[in-house]
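A.B. asks: One structure, pasted below without further comment.
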Amino acid sequence: MKKVYLYPIIFLSQLFINQFVLGQCDQDITFTSQEEIDNFVQDYGCTEIEGNLLIAESESGNITNFSGLSEITTIKGDLEISFNRALANVDGFSALTSIGGGLIIEENEGLTNLDGFSALTSIESLHIINSALTNIEGFNSISSIEGDLKIEVNDALTNIDGFSTLTSIGGGLSIFFNIALTNIDGFSALTSGGNLNIR
């Protein structure tokens with residue numbers, strides 16, 4: 001009786017599956033539901049995203065947390081988190097250290113802080129428009145921003161202490177229509193940048 005060795009077939013099959021899964025991270029990714037986020041490790045299985053990552057729910061109140069994204073360390077494109085009404089925090093990004101593009105946080109009605117970005121050390125630009133945000137304390141590991149920093153229309157924002165280690169901004173700094181903000185002491189370490197606009 002002949003022996004049949006299946007090891008090469010099994011190996012090649014597994015290699016093909018791994019390349020297919022990892023290949024999905026070579027493109028832009030969009031999450032519109034909590035289920036997609038929860039299944040990220042199973043469906044994608046990567047720690048680096050080569051393109052952009054957009055998180056914007058299709059059904060109001062569906063996305064509540066980013067726990068399923070806790071293995072992501074690098075996003076080489078933009079990260080946009082927009083219009084997720086029940087999102088309470090961004091703690092699922094606690095392992096994220098680098099964003100090659102911009103970080104955009106826009107109108108997540110339940111989001112009051114950005115502490116989950118505390119491991120982030122590198123970013124190209126940052127734009128925050130979030131009416132429920134009360135403080136910005138999640139960026140203490142960032143010393144420079146290559147592009148623009150925009151903090152606009154954050155009605156509940158009372159402090160920006162999270163930028164205490166920021167020393168340079170390659171683009172401009174815009175602080176617009178943050179009606180509860182009484183000082184900008186959080187930028188005390190800033191020594192260089194482009195245009196400064198405060199309204």
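The values are calculated or read from the model by the stated rules, or taken from the named source; none is laboratory data. Nothing here was measured: the structure is a model prediction, and the numbers come from that model. With ideal geometry, Cβ positions are generated from the backbone for all residues, glycine too; neighbour counts draw on all protein chains shown. What goes into the accessible areas is simple: the full protein's heavy atoms, side chains included, and nothing from ligands, DNA or RNA. Shrake-Rupley method; radii C 1.70, N 1.55, O 1.52, S 1.80 Å.
A.B. asks: With all protein chains present, how much of the accessible area of the chain (probe radius 1.4 Å) comes from carbon and sulfur, to the nearest whole percent?
C.D. replies: C and S atoms contribute 51 percent here.
A.B. asks: Output wanted: per-residue J couplings in Hz (rounded whole) for the range 88-102, from phi through Karplus 6.51 cos²θ - 1.76 cosθ + 1.60, θ = phi - 60°, x for Gly and Pro.
C.D. replies: 8, 7, 10, 4, x, 9, 5, 9, 6, 10, 9, 10, x, x, x
A.B. asks: Mind giving me the nanometre distance, one decimal, between the label points for S33 and I179, set 7 Å out from Cα along Cα→Cβ?
C.D. replies: Taking the simple label geometry, S33 and I179 are separated by 3.8 nm.
A.B. asks: When a/c reaches 1.5 or more, the comparison of a/b and b/c decides; with that in mind, is the range 109-199 rounded, prolate or oblate per its Cα gyration tensor?
C.D. replies: Here the range 109-199 falls in the oblate category.
A.B. asks: In addition: Taking the Cα atoms only, what angle lies between the long axis of helix 7-23 and the longest principal axis of the chain, rounded to 10 degrees?
C.D. replies: Around 20 degrees separate the two axes.
A.B. asks: Along Cα→Cβ, 7 Å out, is where each label goes; now give me the distance between the ones at E107 and N197 in nm to one decimal.
C.D. replies: It is 2.0 nm.
A.B. asks: I'd like to check one number: the per residue accessible area of the range 116-199, probe 1.4 Å, reported in Å² as a whole number.
C.D. replies: For the range 116-199, the solvent-accessible area averages 43 Å² per residue.
A.B. asks: Follow-up question, since we're still on this one. State, as an integer percentage, the relative contact order of the chain based on alpha-carbon contacts under 8 Å between residues 6 or more apart.
C.D. replies: Rounded, it is 12 percent for the chain.
A.B. asks: Report the gain in length on full extension from T121 to T74: 0.36 nm times residue separation, minus Cα-Cα distance, nm rounded to one decimal.
C.D. replies: Taking 0.36 nm per residue and subtracting the Cα distance, the gain is 15.9 nm.
A.B. asks: Does the chain come out rounded, prolate or oblate by the C-alpha gyration tensor, with a ≥ b ≥ c the root eigenvalues, rounded set by a/c under 1.5 and, if not, prolate when a/b is larger than b/c and oblate if not?
C.D. replies: Judged from the Cα gyration tensor, the chain comes out prolate (a/c at least 1.5, a/b above b/c).
A.B. asks: Apply the Karplus parameterisation 6.51 cos²θ - 1.76 cosθ + 1.60, with θ equal to phi minus 60°, to every residue of the range 136-147 and state each ³J(HN,Hα) to the nearest whole Hz, in sequence, with x for glycine and proline.
C.D. replies: For the range 136-147, the Karplus curve yields 10, 10, x, 10, 6, 9, 9, 9, 8, 10, 6, x Hz.
A.B. asks: Using the Kirkwood formula on the Cα atoms of the range 62-131, what hydrodynamic radius do you get, in angstrom to one decimal?
C.D. replies: 12.0 Å
A.B. asks: Sticking with this structure for a sec: What 222 nm value per residue comes from the helices of the chain, counting each DSSP H run with n ≥ 4 as -39,500 (n - 2.57) and dividing by all residues, nearest 500 deg cm²/dmol?
C.D. replies: So the calculated ellipticity at 222 nm is -3500 deg cm²/dmol.
A.B. asks: If you add up the charges near G170, with Lys and Arg at +1 and Asp and Glu at -1, over every other residue whose beta carbon is less than 11 angstrom from its beta carbon, what do you get?
C.D. replies: -3
A.B. asks: Taking the C-alpha atoms of the range 104-162, how large are the radius of gyration and the largest Cα-Cα span, Dmax, in Å?
C.D. replies: 10.8, 29
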